[in-house]
Structure formats: C-alpha cells, structure tokens
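Heads up, the thing below is written out as structure tokens.
FYI, it's all coordinate maths here, none of it is from the lab. As the structure is a computational prediction, the values presented were derived from the model and not from experiment. All Cβ positions, even for glycine, are placed from backbone atoms using ideal geometry, and neighbour counts span all protein chains on display.
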C-alpha cells in the first residue's frame, strides 16, 4: 500500500474541514496556536515511517500524556493500578465531578482527569522524581532525547487548574490520593505540557501496535498482556465522552488531547499520529478525526 500517497490525498481532502472547530482557549498558552496546522505521521512496526504537513512541528500533547503515564505505572505496579481507577467509559466531560462524587472518589478510567491524577499519584508513590521518570520514559520510547516539558504551558495550566485541584482534594478525602495535592497537580500539569510532534508520538506509540516491541527502541517496552489491556481502554475511553461515535467513524484504539493531537493504533501494523488544533465539542481534533476516518476508509484498516 502506498501510504505516502494516501497521506497526501488526505491532506488535500482536509482543506474544507478547517474552521469548523475551535482551539482550546480555556488554557491561555494554547489559545494562540494557529488553527490551520495539520500534520500526520505513520510508523510501521518494521520502523518504516511516512509523514505529511506539520508532522515535525512540536505541540502540547495534553491528555495523550495520560496514555503514556498509564503505561509507565502499569510497568511499575501491574494490575494493582485497577484498585485505584476503573476501566469503564464515563459518558461525562473529562473534568466532570458528577460521577466521582456518586462513586466515592473512584474514577471511572485513567483517561479522564480524575483517573489520570490517580495514575500520576501512583507514580509519585513509586518514584523519587516522578516528573523526571516520565520525561525520561517519553525520551526513550520516542527515540528523541530532546523531548521535554513546555514550562510556559505547564505554568498556564497550573494557574487555571482549579477543577483539577478540586478533583484531587475530593479523591484525597476518600483515601484514593496519597501524595500532597500541590506537588501532584504540579507534576500532572507538567506531563500534560509535554512538547512533541507527530513523528515523536507515532514512534512512542509503536509498542502498542506490536505486542509491546518497538523496532525503533529495539526492545520490548511493554508486556503483550499490558498492550492488550491498554488498547482496550483506549478504544472504550480514549476520546473523552465521544468514544462511541469515534469508534463508529474511525474504528481504532485511540487517545486524543486538547492540544489537537491524536494517536491511533492499528494492531500488528502501525501507529498513527495526527495533529490539528481545532477541536470539536468533545475536545477531539476536528480535522484529525476526519483525517483518521478517511485513512481507515481508504486502507480498510479499521479493527472492525
């Protein structure tokens, strides 16, 4: 299959889709990102790479970081993670407190804010420096030693993190959170600020497409057992409260972020990353979703 030609066709077809979403202006540092950016990268499991557009331009990965934090914590504690966070879709906004209150501080899944705060707390409990451990893990799996936090974005998020502080305090009142709240939310905002590009993200996601093995790292990054579980949670929980429509349109395990990035997995074939900052009403990239839908339609690589 000529993946480069397919990507170029998708890039041309996306032109009419711009202007239908809006950037994540509730985070001040993201409000000024150009809405017309578009990049896409494919990483095949043998290491072959294809890319188009702004695939080498860095952006804030935001909630995509939750996917990699989940991996790192599962590497450290295994299935113990599920004693603190669930595996079910929430059906509510990613920062909603409604279910959390009804379910006594136990978050539905690790991809909503409450669940991601819990996984970050678990890493803090098992690491001398959780922020550095996360950063070093991202550098390892992306094969890019320059990957780092965007401290301007991190500070901007921390200054508007009132709901995340509320979520953390509520969970701590139920004994779910172990570490000091201020330090926890500081690290959480740093991980969300991680600055990467489509090539980095497709490379970092490669192990999820190949039973845990990354041809780029030349090593098994994850166990096959954990890959199965992580991909399942991505499919059912990875795109906020639009997982049903996303599975209907795209049909791949996916994780999105309000920075406009999306990573998607074609098991045993490839990892895909796409970036376009305009978001739909659920917080997923409008153009990125359309691009992935076109990709799976053309290639017939949906898992369904």
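Odds and ends about this structure:
- The gain in end-to-end length when the residue 97 to residue 163 segment is fully stretched comes to 22.9 nm, 0.36 nm per residue minus the alpha carbon separation.
- Residues considered: 231, 218, 129. Largest GNM mean-square fluctuation over the chain, using C-alpha springs under 10 Å, is found at 218.
- Figure legend: label point modelled 7 angstrom from the Cα of residue 219 along Cα→Cβ; residues of segment 58-102 with amide N under 15 Å from it are 72, 75-76.
- Segment residue 228-residue 302, extension gain: residue separation times 0.36 nm, minus the distance between their alpha carbons: 25.0 nm
- The Cα-based radius of gyration of segment 143-247, divided by its Kirkwood radius, gives an Rg/Rh of 1.03.
- If the convex hull is drawn through the Cα atoms of segment 250-304, its volume per residue in Å³: 67
- Helix-only mean residue ellipticity at 222 nm for the chain, each DSSP H run of n ≥ 4 adding -39500 (n - 2.57), per residue, nearest 500: -13000 deg cm²/dmol
- Helix 113-125 axis, angle to the chain major axis (alpha carbon atoms, nearest 10°): 70
- Calculated FRET efficiency, residue 36 to residue 4, Cβ-Cβ distance, R0 = 22 Å: about 0.50 to the nearest 0.05.
- Most fluctuating residue given options 109, 268, 32, as computed from a GNM of the chain linking Cα atoms under 10 Å: 32
- Taking 0.36 nm per residue of separation and subtracting the current Cα-Cα distance, fully stretching the chain between residue 269 and residue 152 would add 38.5 nm.
- Taking the chain and dividing mean pair separation by its residue count, relative contact order in percent (alpha carbons under 8 Å, at least six apart): 28
- Modelled label positions at residue 13 and residue 127, each set 7 Å beyond Cα in the direction of Cβ, lie 3.9 nm from each other.
- Helix 130-142 and the longest principal axis of the Cα set of the chain meet at an angle near 20°.
- Helix 3-13 and the longest principal axis of the Cα set of the chain meet at an angle near 80°.
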